[in-house]
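Asker: Would you mind keeping the following structure in view while I ask a few things?
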Amino acid sequence: MRQIASLVGVLAAAFLMLPAQAKDKPLLEEYVREPMPPGFKVIVAEFEGPVFADAKGKTLYNWPRIGLRNGDAGEQKGKPACDDHKYTDNAGLMSPYPGGLELPEVETRPACTDVWPPVLAKPDAKPVGKWTILDRPDGRKQWAYDGYALYTSTLDREPGDVFGGSRKRGTSEEGAQREPVGPPPNVPPGFAVSMVATGRLLIIGATGRSVYYSDHDAPGKSNCDLQCLREWTPVLAPQSVRAQGDWSVIQSSPGVNQWAFRKMPVYTHVLDSRNASLEGSDVPGWHNVYTQPAPPPPEGFTVNDMHSGQVLGDAKGMTIYVYNCNDDAIDQLSCNHPDRPQAYRFAVCGRGDPDLCLKNFPYVIAPKGAKSNSRIWSTMDIDPQTGKKAAANAPGALHVWAYRDRPVYYCSRDKKPGDIECDTWGEFNGARNGYKAFWLRDDFGGNAGSR
């Protein structure tokens, strides 16, 4: 059965429910303090958690090498590859088409370093801890972290922006994308943090199993009885550990130590069928643990409960879509932002016709004066004929909602609330050049949902 609920209300109560004692302070992920060179700092971004930033507050990224359909792309440790060369043809790494085809807007296509400025080191800079200095092919010195060269993104405008890339990964067909770099999360050995659409999810590192807490417990006390223990397994703590930060240890039974996060005892769910699962949160009174929950969308959006998970909708429940795009040149530049070429999107949504594209995948219009309660959601003005940003109140411009500084859309094939007729529309099921429903939870396709 499909149900529509207010995202600010029910969704906040569902996956953003927090222990009562934690609601009076911002829930930001704690991180491991490490030595850093002068001029760098850590900013706790509202969605990505702790990230490294330069002196101006611009987020730092790397470009890890991954395998694609017809080869590898990205950078190896110690070998910066993002350079000043302006590519004019595709490489054939992801596309079913052969390499050598001309790219869109070649006259104005930027070089890799135009959109990903290298983080350069001064001549007297010294390595510190995991921070090292690499020699670029052009002779300049570049900072690296854990061996990977560091860059900033021209899409980031203010401290805390993380619009260039995400730690939340999709399929390899999306291309070799950039990722924000940050310090390790401050979690005890055995735990890890996974990026999903609803936040920074706490998991067991060795198995990937999700971690949960219960409303039936009290701060510092487990009330999980024998019946409860058939389905929920306490996460045991070694006898030697001590409380630190958000972490403490309780005795769930005589001589048995159990981890507690933000004072609430934590468990795994015996019936979870996949890693980083959200299934346990379907049990009344039980919730996934987030080191940092994602900020909810602005007021008026809704969540549709589907058979396979949860998808974001507008005030009437009509499904919201995001657009994914990564070009197939050697430097693997993204093409899902209105500052990037729109030829890819026009091709997949309207056979190159902007008017047909607007009919098939209309923008989600933002009301006049609409406000967002977070940086990750915003509004912008778009020229629908070019797909690029427009000046405020420009003739013909549309004022639209944007997620991660990218417009969101409807699908004209959806006729009623909860329809997802355009999910996976485009190349590689919408992952490389196409549209995906804004999944908050997708038990069939992966809990991470859409970027």
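Asker: Can you tell me which residue in segment 78-103 is surrounded by the fewest Cβ atoms within 10 Å (Cβ to Cβ), limited to those that are outside any strand (DSSP E or B) and acidic (Asp, Glu)? Quick ask: steps written out before the conclusion?
Answerer: Residues of segment 78-103 outside any strand (DSSP E or B): 78, 80-88, 90-101, 103.
Okay, now just the ones that are also acidic (Asp, Glu), so 83-84.
Numbers: Asp83: 15, Asp84: 11.
For segment 78-103, the residue satisfying everything is Asp84.
Asker: Filtering segment 108-157 down to residues that are over 26 Å from Asp327 (Cβ atoms) and among the small types (Gly, Ala, Ser), which residue is surrounded by the most Cβ atoms within 10 Å (Cβ to Cβ)?
Answerer: Filtering first and then ranking leaves Ala121.
Asker: Give me the residue from segment 172-215 that is out of contact with any strand residue (DSSP E or B) (no Cβ under 7 Å at 6 or more places or on another chain), touching a residue at least 24 places away in the same chain (Cβ under 8 Å) and exposed (fewer than 15 other Cβ atoms within 10 Å of the Cβ) and, out of that set, nearest to Tyr344 (Cα to Cα). Break it down stepwise before answering.
Answerer: First pass over segment 172-215, keeping only residues out of contact with any strand residue (DSSP E or B) (no Cβ under 7 Å at 6 or more places or on another chain): 173, 189, 195-196, 206-208, 215.
Among the residues that remain, those that are also touching a residue at least 24 places away in the same chain (Cβ under 8 Å) are: 173, 195-196, 207-208, 215.
In the following step, the residues that additionally are exposed (fewer than 15 other Cβ atoms within 10 Å of the Cβ) were identified as 207-208, 215.
Numbers: Thr207: 39, Gly208: 36, Asp215: 48 Å.
Once the filter is applied, the top-ranked residue is Gly208.
Asker: Can I ask one more? How many residues are more than 13 Å from the chain's Cα centre (by Cα) and β-branched (Val, Ile, Thr) when one looks only at segment 194-221? Spell out how you get there, then give the answer.
Answerer: Filtering segment 194-221 down to residues more than 13 Å from the chain's Cα centre (by Cα) leaves 202-221.
If we keep only those that are β-branched (Val, Ile, Thr) too, we end up with 203-204, 207, 211.
Matching residues across segment 194-221 total 4.
Asker: Continuing with this model, one more query. Go through (1) under 26 Å from Pro159 (Cα atoms); (2) in a loop (DSSP other than H, G, I, E, B); (3) among the β-branched types (Val, Ile, Thr) for Val106 and report which single condition fails.
Answerer: Tallying (1) under 26 Å from Pro159 (Cα atoms); (2) in a loop (DSSP other than H, G, I, E, B); (3) among the β-branched types (Val, Ile, Thr), Val106 fails exactly one: (1).
Asker: Given the conditions (1) over 29 Å from Met94 (Cβ atoms); (2) in the same structural domain as Pro234 (by TED's automatic domain parsing); (3) in contact with an Asp or Glu (Cβ under 8 Å, 6 or more places away or on another chain); (4) charged (D, E, K, R), and given that Arg200 satisfies all but one, which numbered condition is not satisfied?
Answerer: Result: Arg200 fails condition (1) only.
Asker: Right, next: Return the residues of segment 370-387 that are of a type in the set (Gly, Ala, Ser) and either at pLDDT below 95 or farther than 16 Å from His337 by Cα (or both); say none if nothing qualifies. Outline the logic, then answer.
Answerer: Applying the first criterion (of a type in the set (Gly, Ala, Ser)) to segment 370-387 yields 370, 372, 374, 378, 387.
Residues satisfying the conditions are Ala370, Ser372, Ser374.
Yes or no, residue by residue, for (1) at pLDDT 95 or above; (2) under 26 Å from Gly160 (Cβ atoms); (3) in the same structural domain as Arg167 (by TED's automatic domain parsing); (4) surrounded by 20 or more Cβ atoms within 10 Å (Cβ to Cβ):
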position	(1), (2), (3), (4)
Pro362	yes, no, no, no
Lys368	no, no, no, no
Lys389	yes, yes, no, no
Trp401	yes, yes, no, yes
Arg406	yes, yes, no, yes
Ser450	no, yes, no, yes
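Asker: Could you tell me which of the residues Ser166, Ser252 is modelled with pLDDT under 95, outside any loop (DSSP other than H, G, I, E, B), out of contact with any Leu (no Cβ under 8 Å at 6 or more places or on another chain) and buried (at least 18 other Cβ atoms within 10 Å of the Cβ)?
Answerer: Values: Ser166 fails: outside any loop (DSSP other than H, G, I, E, B).
Matching residue, one of Ser166, Ser252: Ser252.
Asker: Looking at segment 24-77 only, could you name the residues that are closer than 30 Å to Ala431 by Cβ, in a loop (DSSP other than H, G, I, E, B) and acidic (Asp, Glu)?
Answerer: Once the filter is applied, which keeps residues that are closer than 30 Å to Ala431 by Cβ, in a loop (DSSP other than H, G, I, E, B) and acidic (Asp, Glu), segment 24-77 yields Glu29, Glu46, Glu48.
Asker: If you don't mind, another one. Of the residues Arg274, Arg209, only one is among the charged types (D, E, K, R), modelled with pLDDT under 95 and farther than 23 Å from Pro296 by Cα; which?
Answerer: Details: Arg209 fails: modelled with pLDDT under 95.
On inspection, the qualifying residue turns out to be Arg274.
Asker: Now, a different point. Please list, ordered by first then second residue, the pairs with beta carbon atoms under 8 Å, 6 or more apart or interchain, first in segment 251-279 and under 15 Å from Tyr213 (Cα atoms), second outside any strand (DSSP E or B) and among the aromatic types (Phe, Trp, Tyr).
Answerer: Between residues of segment 251-279 that are under 15 Å from Tyr213 (Cα atoms) and residues that are outside any strand (DSSP E or B) and among the aromatic types (Phe, Trp, Tyr), the close pairs are Leu278/Phe15.
Asker: Taking the conditions exactly as written (in a strand (DSSP E or B) and more than 19 Å from the chain's Cα centre (by Cα)), does Thr268 satisfy them or not?
Answerer: yes
Asker: Checking the condition at pLDDT 95 or above, among the polar types (S, T, N, Q), out of contact with any Leu (no Cβ under 8 Å at 6 or more places or on another chain) and under 25 Å from Lys388 (Cβ atoms), which residue from Thr154, Thr132 passes? Walk me through it before giving the result.
Answerer: On the way: Thr132 fails: under 25 Å from Lys388 (Cβ atoms).
From the options Thr154, Thr132, the qualifying one is Thr154.
Residues are listed down the side, and each one gets a yes or a no for (1) at pLDDT 95 or above; (2) not assigned by TED's automatic domain parsing to the domain that holds Tyr148:
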position: Ser6; (1), (2): no, yes
position: Ala13; (1), (2): no, yes
position: Gln21; (1), (2): no, yes
position: Asp24; (1), (2): no, yes
position: Glu29; (1), (2): yes, yes
position: Pro38; (1), (2): yes, no
position: Val51; (1), (2): yes, no
position: Asp54; (1), (2): yes, no
position: Asn62; (1), (2): yes, no
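Asker: For the condition assigned to a loop (DSSP other than H, G, I, E, B) and either closer than 26 Å to Leu278 by Cα or not β-branched (Val, Ile, Thr) (or both), what is the one hit in Cys349, Cys422? I'd like the intermediate steps shown before the answer.
Answerer: Details: Cys349 fails: assigned to a loop (DSSP other than H, G, I, E, B).
Result: Cys422 is the single residue among Cys349, Cys422 that is assigned to a loop (DSSP other than H, G, I, E, B) and either closer than 26 Å to Leu278 by Cα or not β-branched (Val, Ile, Thr) (or both).
Asker: Further question on the same structure: Filtering segment 297-311 down to residues that are in a strand (DSSP E or B) and among the polar types (S, T, N, Q), which residue is nearest to the chain's Cα centre (by Cα)? Quick ask: steps written out before the conclusion?
Answerer: Filtering segment 297-311 for residues in a strand (DSSP E or B) gives 302-306, 309-311.
In the following step, the residues that additionally are among the polar types (S, T, N, Q) were identified as 302, 304, 310.
Details: Thr302: 20, Asn304: 20, Gln310: 17 Å.
Looking at residues that are in a strand (DSSP E or B) and among the polar types (S, T, N, Q), I get Gln310.
Asker: Answer yes or no: is there a residue in segment 312-321 that is at pLDDT 95 or above, more than 30 Å from Asp215 (Cβ to Cβ) and either assigned to a helix (DSSP H, G or I) or among the hydroxyl-bearing types (Ser, Thr, Tyr) (or both).
Answerer: Within segment 312-321 (the criterion being at pLDDT 95 or above, more than 30 Å from Asp215 (Cβ to Cβ) and either assigned to a helix (DSSP H, G or I) or among the hydroxyl-bearing types (Ser, Thr, Tyr) (or both)), the answer is yes, since at least one residue qualifies.
Asker: In segment 55-92, what residues are under 23 Å from the mean Cα position of the chain (by Cα) and at positive phi?
Answerer: Gly57, Gly74
Asker: Could you run through segment 52-81 and say how many residues are within 14 Å of Val42 (Cβ to Cβ) and touching a Gly at 6+ places or on another chain (Cβ under 9 Å)?
Answerer: 7
Listed here are the residues, each with its yes/no results for (1) surrounded by fewer than 19 Cβ atoms within 10 Å (Cβ to Cβ); (2) in contact with a Gly (Cβ under 6 Å, 6 or more places away or on another chain); (3) within 28 Å of Ile66 (Cβ to Cβ).
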{"position": "Phe301", "(1), (2), (3)": "no, no, no"}
{"position": "Met306", "(1), (2), (3)": "no, no, no"}
{"position": "Gly309", "(1), (2), (3)": "no, no, yes"}
{"position": "Thr319", "(1), (2), (3)": "no, yes, no"}
{"position": "Leu333", "(1), (2), (3)": "no, no, yes"}
{"position": "Pro384", "(1), (2), (3)": "yes, no, no"}
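The values are calculated or read from the model by the stated rules, or taken from the named source; none is laboratory data. Computed from a prediction, not measured in an experiment: that's the story for all the values here. Virtual Cβ from ideal backbone geometry, glycine too; neighbours counted across all protein chains shown.
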